Every structure is written in structure tokens, then in C-alpha cells.
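Novice: Sharing a structure, written as C-alpha cells. Questions coming.
The values are calculated or read from the model by the stated rules, or taken from the named source; none is laboratory data. All of these numbers come straight from a predicted model, not from anything done at the bench. No Cβ is skipped: glycine too gets one built from the backbone with ideal geometry, and neighbour counts run over all protein chains shown.
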Amino acid sequence: MKNILVIEDSKVINGILKKELEKLNFYVSQAFCLSDARKFISETKYDLIILDLHLPDGEGSELIADIQSLCETKVVVLTSTQDEDLRQELFHFGILDYIIKDANLVYSIAEIIRVIRMIEDKTAKKILVVDDSRFICKKIEGILKPRNYSVDLAFSAKEGFEKLQQNKYNLLILDIELPDINGVKVLNLIRKQSRFRSLPIMILSGTMNPETTREVLKYGANDIIKKPFVYEEFVLRVDLWVDYFYKSKELQDKSEKLETINKNLEKLVSQEIEKNRQKDHIMFMQSRQAQMGEVIAMIAHQWRQPLAAISATSSVINLKAKLKKLDLELALKLSKKISDYTQHLSETIDDFRNFFKPDREKKLTSFETVFKRSNTLIKESLKNNKIEIICDVVKSEEFQSYENELVQVVINIIKNAEDILLENDIKDPWIKVKIDGKNITIADNAGGVPKKLLDKIFDPYFSTKLSKNGTGLGLYMSRIIIQEHCGGEIEVKNSEDGAVFSIKL
């Protein structure tokens with residue numbers, strides 16, 4: 001629908017209608033009298049006419065008779081006249097609606113737009129009328145076709161059954177008194193077939209009484225109207241039940257889709273869980289490999305001093321032997337030193353080997369124990385970089401958890417702090433660890449995390465150290481370990497000095 005003609009002698013109302021309809025992208029022409037309207041209609045084909053009944057030079061109802069086809073040119077009457085006989089007559093001619101103008105013009109405009117939307121709807125709206133009166137059938141067809149309904153007619157129950165089997169309908173209008181089979185029996189036979197149980201059925205009856213009404217509603221009718229019917233009431237009920245059909249069908253389709261989804265939900269969830277498990281496993285392995293590189297650097301720090309001491313002691317033994325000054329007491333003393341250094345190297349290997357053992361089961365541990373193990377592995381690196389690490393144990397509380405995984409998280413946070421302290425060249429760098437029950441905080445004085453990065457710091461593959469081969473997995477895996485494996489919380493915030501990581505179990 002594109003072209004609309006507004007025939008209204010009030011320039012204010014005409015202008016308001018034009019403005020509101022043009023907002024909806026319609027082409028609107030304006031006529032203020034009957035003669036102008038006739039001229040417009042003779043020159044242009046309109047899809048819709050909005051018509052005032054009382055015009056300065058004649059009655060708007062005269063114009064309806066001049067329109068060749070109300071199926072092609074729709075008419076909506078907008079008037080202040082409350083004339084029920086005229087109203088009934090105009091619906092008989094095939095107008096779409098009879099809207100009374102009142103103080104609330106906005107409501108009247110909304111009604112016009114509703115009617116426009118209905119006739120613009122391209123969805124097939126098919127109605128079957130079963131009535132032995134050809135006059136009634138033609139009358140119904142005449143008032144429904146302008147509203148874009150496709151109407152099939154049947155003049156007996158047998159013909160009606162045949163059409164029902166051959167076509168799909170959105171509404172059945174059924175006469176209760178048919179020549180071949182009683183309408184109530186027809187209604188009962190239709191409702192017995194599952195494919196017709198959701199089809200709305202309106203009953204027409206010339207002898208409507210409480211008993212008839214009760215009987216037809218009991219056998220599955222949705223509505224009953226007495227003949228002869230009021231055209232406007234009939235049209236409104238048809239619109240209501242066709243709309244009900246579409247909404248109930250839409251609801252049924254959604255319910256069926258939901259049922260299908262529910263049936264497959266467990267399978268879909270299982271598949272997604274497996275995908276996430278595999279993704280997390282790959283990320284975990286990547287994170288462990290990256291951490292292994294850091295651990296090798298830590299081992300180098302741990303071994304550097306003992307190896308240098310062993311080398312020096314060996315050189316002393318060699319020199320004393322050449323000078324023939326290596327007596328038994330000195331030899332025993334130097335060999336013990338080498339033995340002690342070797343033992344230290346062996347213990348270092350055991351510490352790192354335990355670090356890489358996967359935890360099969362939870363065990364009783366505490367954050368004090370976790371920190372001591374972490375510090376054993378990382379202290380030489382911090383010492384060499386002249387970073388002070390301070391631990392304050394307010395209260396140590398034991399809990400069941402995966403100790404090795406917690407050690408991995410603590411080391412990761414401390415290593416990140418070490419890297420940023422060195423990168424920012426902080427004077428008098430420090431890392432402070434505070435343990436209070438099942439909570440641990442790790443803080444530094446490196447200046448903190450930029451505000452725009454705080455929400456992303458635990459995201460996978462997000463790293464501020466890409467130029468230094470950062471993987472962006474360390475903190476992501478730390479979050480996975482704390483939240484999903486250990487059932488705790490991990491968060492980061494900034495203090496005046498720098499970043500503060502908090503872990504709560």
C-alpha cells in the first residue's frame with residue numbers, strides 16, 4: 001500500500017492525518033470537499049481512502065457507491081456521526097472500519113494505522129464458509145474480501161468436508177442448520193480429527209438460545225453468532241479469531257521448537273562442556289609450557305651459586321694437591337663442602353619436580369605452606385634482581401585443596417610482579433604477601449594496572465608482555481584454577497603503590 005487519499009473538510013484533522021501517515025512512508029493526497037475527492041479518484045488510483053461522511057458539498061457516503069471495487073480501493077470511514085443504520089449499511093458495502101472522531105484523535109489515528117497494518121499483511125488468511133444459504137455466503141464473501149480474506153464457499157456439509165480435506169484454513173464459519181447433516185454433528189466430526197483441533201470455528205444460528213449455545217460450545221465451537229448478524233460485530237469477531245489462530249499456531253511452533261531444544265539440550269550441553277574441557281586443556285598445556293621456560297630460568301638462578309662454589313672448591317683441592325699441601329683434614333673439609341653443595345642441588349631438583357607433579361586429589365594445606373613452597377622456587381631470582389619479598393601471616397588456616405596448582409598461581413602472580421618491577425625500573429622494589437586464614441593478597445609497588453586493562457587482565461591470550469614473549473595465558477589459567485578447580489575467587493585492583501591480587505577460598 002502506497003497511495004492514500006484523506007477526504008476531510010477540517011484542515012486541522014486532515015493535516016494531522018497527512019503528517020502521521022507520511023511518517024510511515026505513505027504518499028498522502030488531501031481533499032476537503034466531495035467535488036475535489038471525485039476529481040482525485042478519477043485521475044489517480046488509491047489503495048486506501050479515509051473518508052469523512054459530512055462534507056460541505058455533499059455526503060461522503062455517496063462516494064462509496066462511485067468506487068468500482070472496494071477490494072482494490074479500501075475505505076475507512078472517519079466521522080463524528082453515530083448513525084447505527086448507516087454504519088450497518090456501509091459495512092454491507094464493504095468498508096474496512098467505521099471510526100468515530102472524538103477528542104482523542106490520537107486513538108482514532110492509531111485505529112486507522114491498525115487497519116492499514118492488517119490489510120498490508122501478506123500472510124494468507126483463508127476462511128471457509130459452510131452455509132446452505134447462497135445469499136448469506138455471498139454477503140459474508142462481500143464483507144470479508146475487502147479485508148484481504150480469501151473466502152471459500154460450501155453449501156452443504158459434504159462439500160464443506162471435501163474442502164477441509166483439500167485446503168488449509170485459518171477459520172471455519174459453520175451454519176448450524178445444514179440440509180444434509182446437522183451442524184452440531186458436523187462440528188463433532190470435525191473436532192474428532194486431530195488436524196482440525198486448533199482450527200477456530202464460528203457457528204451461525206438463526207435460532208440461538210441458551211441450550212443451543214451450550215451444545216455447540218460443548219462440542220468445540222469457539223464462538224456463536226445469531227443470524228441476521230450485525231456486520232461490524234461479525235467482522236470484528238472474524239478478525240479476532242483469525243488473529244487467535246495465528247498467535248496460537250506461533251505459540252505451538254515455539255513450544256515444539258522448545259521441546260526439541262530441551263530434548264537435545266543435555267546432548268548439546270555435554271558437547272559444549274567437552275569442547276570447553278579440550279580448549280582449557282590446550283590452554284593449560286600452553287600455560288605450563290610457558291611456565292616451564294620460566295622455571296628453567298629459576299633453576300639456573302638456584303644452581304648458579306652452588307655450582308660456582310663447587311667449581312671454586314675443586315680448584316682449591318687441585319691447587320693444594322699440586323703444592324703438596326692437601327692434608328687429610330683439609331681434604332675432608334673441602335669434600336664435605338662439595339657434598340653439601342651437591343645436596344643443595346639435589347633438593348632444588350626435588351622442589352621443582354614436585355612443582356610439576358599434577359595433583360590427583362585434594363590434600364590438607366594452607367596458604368602459608370603454599371607461599372613457603374613458592375618462595376623456595378623463586379627467591380633466588382628475586383634476590384638477584386634485588387627485589388624484597390615480605391610475608392605477613394596474620395592467621396594461617398588449613399583447608400583441603402590442590403596444593404601444586406595453588407603454588408603455580410602464587411608463582412605466576414609473583415613472577416608477573418617481578419617482570420613489571422624490572423620493566424618500570426622501580427627504585428627499592430618490593431612484593432608484599434599477606435596471609436589471613438583462607439585468603440592471600442600479593443601486592444607490589446610497580447605503579448598498578450592501567451584502568452582500561454583491569455577488566456581484561458584475566459582474559460585468555462591477553463598480555464601486556466607481548467614484546468617479551470608473553471603468552472597471555474598465565475593469569476587466565478590462574479583464574480580457571482582458583483574459580484573452577486578450587487572453588488574460590490581471584491580479583492585484582494590498584495592501590496596507591498601498585499597492583500593488589502586477592503585470592504579467597
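Novice: Could you figure out which of (1) in contact (Cβ under 8 Å) with a residue 24 or more places away in the chain; (2) under 22 Å from Asp239 (Cβ atoms); (3) not in a strand (DSSP E or B) isn't true of Tyr98?
Specialist: (3)
Novice: Return yes when Tyr98 is loosely packed, with under 14 Cβ neighbours inside 10 Å and under 29 Å from Pro200 (Cβ atoms) and no when it is not.
Specialist: Details: loosely packed, with under 14 Cβ neighbours inside 10 Å: no; under 29 Å from Pro200 (Cβ atoms): yes.
The answer is no for Tyr98.
Novice: Under 6 Å between Cβ atoms, at least 6 apart or on separate chains: pull out the pairs that start in the range 223-249 with a residue that is among the aliphatic types (A, V, I, L, M) and end on any residue that is not in a helix (DSSP H, G or I).
Specialist: Here the result reads Ile224/Ile203; Ile225/Leu204; Val242/Lys125; Val242/Asn170; Val242/Leu171, each pair linking the range 223-249 to a residue that is not in a helix (DSSP H, G or I).
Novice: Given the criterion among the β-branched types (Val, Ile, Thr) and loosely packed, with under 14 Cβ neighbours inside 10 Å, identify the matching residue among Val12, Val76, Val6.
Specialist: Numbers: Val76 fails: loosely packed, with under 14 Cβ neighbours inside 10 Å; Val6 fails: loosely packed, with under 14 Cβ neighbours inside 10 Å.
Testing whether each residue is among the β-branched types (Val, Ile, Thr) and loosely packed, with under 14 Cβ neighbours inside 10 Å leaves just Val12.
Novice: Restricting attention to the range 170-180, report how many residues are more than 15 Å from Lys126 (Cβ to Cβ), within 53 Å of the chain's Cα centre (by Cα) and not in a strand (DSSP E or B).
Specialist: 3
Novice: Of the numbered conditions (1) under 17 Å from Asp131 (Cβ atoms); (2) out of contact with any Gly (no Cβ under 8 Å at 6 or more places or on another chain); (3) in contact (Cβ under 8 Å) with a residue 40 or more places away in the chain; (4) acidic (Asp, Glu), Glu162 fails exactly one; give the number of that condition.
Specialist: (3)
Novice: Here's a follow-up. Considering only the range 395-433, how many residues are in a helix (DSSP H, G or I) and touching a strand residue (DSSP E or B) at 6+ places or on another chain (Cβ under 8 Å)? Talk me through it step by step, then tell me what you get.
Specialist: Of all residues in the range 395-433, those in a helix (DSSP H, G or I) come to 403-423.
Filter once more, so that each one left must be touching a strand residue (DSSP E or B) at 6+ places or on another chain (Cβ under 8 Å): 403, 406, 409-410, 413-414, 417-418, 420-421.
Number of matching residues: 10.
Novice: Now a separate question. Which ones in the range 184-236 are in contact with a strand residue (DSSP E or B) (Cβ under 7 Å, 6 or more places away or on another chain), in a loop (DSSP other than H, G, I, E, B) and of a type in the set (Lys, Arg)?
Specialist: Lys227
Novice: Hey, any hits in the range 336-349 for a residue that's in contact with a Ser or Thr (Cβ under 9 Å, 6 or more places away or on another chain), assigned to a strand (DSSP E or B) and at pLDDT below 90?
Specialist: No - not one qualifying residue is present in the range 336-349.
Novice: Please determine whether any residue of the range 194-203 is of a type outside the set (Lys, Arg) and more than 45 Å from the chain's Cα centre (by Cα).
Specialist: Initial filter on the range 194-203 (of a type outside the set (Lys, Arg)): 194, 196, 198-203.
Now drop any that are not more than 45 Å from the chain's Cα centre (by Cα), which leaves none.
The answer is no, given that none of the residues of the range 194-203 is of a type outside the set (Lys, Arg) and more than 45 Å from the chain's Cα centre (by Cα).
Novice: Report those strands (runs of 3 or more DSSP E) wholly inside the range 1-74 carrying at least 1 residues which are more than 17 Å from Ile99 (Cα to Cα) and aliphatic (A, V, I, L, M).
Specialist: Details: elements: 3-7, 27-31, 48-51.
Per the criteria, 27-31.
Novice: Now, a different point. Would you check if there is a residue in the range 238-248 being within 22 Å of the chain's Cα centre (by Cα) and either closer than 30 Å to Ile203 by Cα or not polar (S, T, N, Q) (or both)?
Specialist: Keep residues of the range 238-248 that are within 22 Å of the chain's Cα centre (by Cα), which gives none.
No, there is no match, as no residue in the range 238-248 is within 22 Å of the chain's Cα centre (by Cα) and either closer than 30 Å to Ile203 by Cα or not polar (S, T, N, Q) (or both).
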